[in-house]
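Heads up, the thing below is written out as structure tokens.
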Amino acid sequence: MLLNVTCKKCGIKYKIDIGNKTVDQVKETLKKQDTFSCPGNHVELSGPLDYLIIGEIGSGSALSDPEWLTQKKKEGYTLLTSDEVREKFTCTGVSMGLFCGFNKETKEKVVLDFMNSPAGVRYYF
Ligand SMILES: [Zn+2]
């Protein structure tokens, strides 16, 4: 099942795949998290429940992953999965969550930031 949520800080609406859990069970899980990486591209040093408005299950206009990817491409992002980053770049270090390395073909240096999709998949840009 998909639970619709809205971020109070940036306003993005997305869906969390909650499997067969109840909303209360999901809230209990979210209470245990001490950081929050929002698909709206910000990271917070407190739990998701401080930022999320929990909506209904399976309704509303929240973004699915393919819709979110289409929106990010329209915004000009080129997004790479973790596997694509490993394939194309050699890592020389990770700092503050930023990937530092170089392109295996061109030897060009790169610094990549990341964001998580509504379903929680990490993409680098
Ligand atoms: Zn947000």
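Got a number for residues in the range 43-87 being in contact (Cβ under 8 Å) with a residue 40 or more places away in the chain and on the phi > 0 side of the Ramachandran plot? Total meeting the criteria: 2. Checked against (1) away from the ligand (no atom under 14 Å from the Cβ); (2) without any contact (Cβ under 8 Å) to a residue 60 or more places away in the chain, Asp17 passes all but a single condition, namely (2).
Filter the range 24-53 down to the residues that are among the small types (Gly, Ala, Ser) and within 14 Å of the chain's Cα centre (by Cα), then identify the one that is nearest to Lys72 (Cα to Cα). Checked the range 24-53; the qualifying residue nearest to Lys72 (Cα to Cα) is Gly40.
Only one of the listed residues (Lys27, Lys9) is modelled with pLDDT of 90 or more, more than 14 Å from Asn116 (Cα to Cα), outside the structural domain of Asn116 (by TED's automatic domain parsing) and part of a loop (DSSP other than H, G, I, E, B). That residue is Lys9. From the list Lys31, Lys27, Lys8, the lone residue that is surrounded by 12 or more Cβ atoms within 10 Å (Cβ to Cβ) and of a type in the set (D, E, K, R) is Lys27. Within the range 27-71, the only residue that satisfies the criterion of being within 14 Å of the ligand (Cβ to nearest atom), among the charged types (D, E, K, R) and more than 18 Å from Leu3 (Cα to Cα) is Glu44. Within the range 34-42, does at least one residue satisfy the condition of being among the hydroxyl-bearing types (Ser, Thr, Tyr), in contact (Cβ under 8 Å) with a residue 40 or more places away in the chain and not in a loop (DSSP other than H, G, I, E, B)? Looking for residues that are among the hydroxyl-bearing types (Ser, Thr, Tyr), in contact (Cβ under 8 Å) with a residue 40 or more places away in the chain and not in a loop (DSSP other than H, G, I, E, B), one finds at least one in the range 34-42, hence yes.
Inside the range 91-123, residues that are of a type outside the set (Ser, Thr, Tyr), modelled with pLDDT under 90 and in a strand (DSSP E or B) make up a count of 6.
The values are calculated or read from the model by the stated rules, or taken from the named source; none is laboratory data. Here the structure is a predicted model, which is why all the values come from computation and not from measurement. Reconstructed Cβ throughout: ideal geometry from the backbone, glycine too, with neighbour counts over all protein chains shown.
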